[in-house]
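We did not get these values from a lab; they are worked out from the coordinates using the rules stated. Small disclaimer: the values here were computed from a predicted structure and weren't measured. Here Cβ is always computed from backbone atoms with ideal geometry, including for glycine, and neighbour counts include all displayed protein chains.
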Amino acid sequence: MSVHLRSKKSYRFAFRSSLYIAITGTVFLALLFWSFSIFNWLLLLLSGILFFTISFVVLQIRIDKFIYKKIKKIYDDVALLESTSLSTYPITTDMRTLTAEIEKFAKDKKIEIDTLKIREEYRKDFLGNVSHELKTPLFTVQGYIETLLDGAIDDKNVRKKYLIRANKAVDRLIYIVKDLDLITKLEVGDLNLDKKSFNIIELIQSVFDLLEMKAAKKNITLTFDIAYKKPILVYADKEKIQQVLTNLLVNSIKYGNENGTTEVSVENLVKNKVIVRVTDNGEGIPAVHIPRLFERFYRVDQSGSRREGGSGLGLAIVKHVIEAHGEKIYVESAVEVGSEFSFTLEKSNSQLEVKR
């Protein structure tokens, strides 16, 4: 905004008020002259100019002092303005700008307060969930150790059994802490991705092999949608994508039906993208839960029974890993029909060159 525009805007109120005073004073003086049968146009004109000048100067000085003593202090205290216009140009009579600034400040503060409330609720939920997730294995370890100290340590069979169970609880604690550490790094952007070209089909097969026994316990078949005879090369962090696939397949097995199927497909999406789909015919997810699926510790089963293990961070980690790659993740589900989680990946340049 130029100096001319600032000055014009700043003096608008004083100018208009002085003009009203000058007109009123001149009319009053004209009536006074008329009552005494005296009428002098030049005198009236000079009087009007005098009224206007005196009024303008007095108003400007008075409002100047009022604004700088009262309102400017508010500006300074709450840092309403990012610029130094108050010290450079007189805002004095610019009530429209002042009102706009205060309204903007109030709006921004409301947004800030609402954001802080949301964060506070999120913090409370997070602390509550962390406490809930950690206390179960901690109490388990404590219970077994206290039992052993109370005399059970003398029984060789009981001692071995309780130590094995305590060790499993410690493993679960380590699992939760590792996931917490990973998701913290993901959320603050402190995770370095080691991107390289690899065969996604080969990686999926290796995850199938790792989870074969886990799936066999529920007689769930892990399979591809078709036989992939040629490799499909993608450019990503292989270790992190393996974790994404593992988390999605573990979830599918956990909430899949006995004798069910989990199917993985890899399709060309656009010229330089592929989409990986993990589809099952399990119990499905109610639509009300889908928007919150990727929140930390959020569980569809709200009973608190935690009938299935895990840290409660699996899907949150999946989302952050995929987004760290600059890609997207999607979910579709229907109760008693099944669920499909899918995510995009960048094709490897070497594969693009082969296709050309």
Completion exercise
Amide H neighbours of residue 347 at under 5 Å, excluding residues fewer than 5 places away on the same chain, with H built from the backbone geometry, are 235, 273, 274
Fill in the blank from the handout: Computed over the Cα atoms of region 108-244, the Rg and Dmax in Å are 22.3, 67
Fill in the blank from the handout: The pairs in 214/319; 161/217; 168/217; 161/240 lying past 28 Å Cα-Cα in this model are 161/240
Exercise for the section: Over region 195-355, consider all pairs of different Cα atoms and compute the Kirkwood hydrodynamic radius from their mean reciprocal separation; express it in Å, one decimal. Expected result: 16.2
Practice task
Compute the label zone of residue 219 within region 253-271: residues whose backbone N is under 13 Å from the point 7 Å along Cα-to-Cβ.
Solution key: 257-261
Exercise for the section: Place +1 on the Cβ of every Lys and Arg and -1 on the Cβ of every Asp and Glu in region 195-355, take the dipole about the Cα centre, and give the residue among 337, 248, 281 whose Cα lies farthest towards its positive end. Expected result: 248
Problem - Extension gain, residue 267 back to residue 206 (0.36 nm per residue minus Cα-Cα distance, nm) - result: 20.1 nm
Practice task
Among the listed pairs 185/254; 124/328; 196/347; 109/185, give every one whose C-alpha distance is greater than 19 Å.
Solution key: 185/254; 124/328; 109/185
Exercise for the section: Run the quick spin-label model on residue 135 and residue 152: label points 7 Å from Cα toward the beta carbon, then report their separation in nm to one decimal. Expected result: 2.1
Fill in the blank from the handout: Sorted largest first, the C-alpha extents of region 251-291 along its principal axes in whole angstrom are 37, 27, 12
Practice task
Report the extension gain between residue 29 and residue 124 in nm, rounded to one decimal, defined as 0.36 nm multiplied by the number of residues separating them, less their alpha carbon distance.
Solution key: 26.9 nm
